Amino acid sequence: MKARGLAIVAWILVCLPSGAQSGVATVSVCALSRNPSRYHGKTVRVRAILSRGMEFVGLQDDKVPSCVFINLKIISDDEVTRRFQHLAGEEVVPTNADEQETLKHMMIVLGSLPGDSALPHECGTPAVCYGCYRYEPVIATFTGKFRYSKKEPGSVGFGHLNSHKFQLDVTSVSDIQATDVLGTKYDKRCWKVQKPE
């Protein structure tokens, strides 16, 4: 009888998903947004699309991108996470972009100079591009602590201007998929990889 009981336990451990074995819930971004109190403060695993731009970086559901935005905070510093950060942050710029044109463009955008903000060059692209990323989309599996601002005393939100209700403090990134759009979305004759500052 004892051997039979051990066999059942072994069968359960083999058949359970790895997330269930480790105590980490595998959920979607939309599921987190539907029941944030249930997951607040818990470690979760989520497959998501990276969404980023000026003053924000976060996660959206890989099946229903419009359901919610979760602010992303990277805590880990392992090799895979560094690779993810490289893919997520690499931008492209027009081939003829230079410092003087970039400064002029910034002044136009900020209203310091009159003029149109496009500043096209011979390729028909602007002199400066905000959020022109080399890899789109970037999809990965993120594991970390889920936080809900309404459950944290004194917290009004996360991210830029505290504008997001949810945040994932990421401790690991895995299964990264990234599509290089330099050469498809961005013509290599007119665009180049931006050098890191």
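All of the numbers you see were taken from the coordinates with simple rules; none came from a lab. Owing to the predicted nature of the structure, the values given are computational and were not obtained by experimental measurement. Please note: Cβ atoms are built from the backbone with ideal geometry, for glycine as well, and neighbour counts cover all protein chains shown.
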Task: Label-to-label distance, nm, for residues given as C190 and I139 (7 Å Cα→Cβ offset) - done: 2.8
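Taking N as the number of residues in segment 16-89, what is its alpha-carbon radius of gyration divided by 2.2 N^0.38 Å?
1.17
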Open item on the list: What's the ranking of 165-178, 23-36 by average number of surrounding C-beta atoms within 10 Å, highest first?
Closed with: 165-178, 23-36
TODO: Fewest Cβ neighbours within 10 Å first, please rank Y39, Y135, Y130 accordingly.
DONE: Y130, Y135, Y39
- [ ] Mind checking the full-extension length gain between R34 and T171? Use 0.36 nm per residue of separation minus the Cα-Cα distance, one decimal, nm.
- [x] 47.0 nm
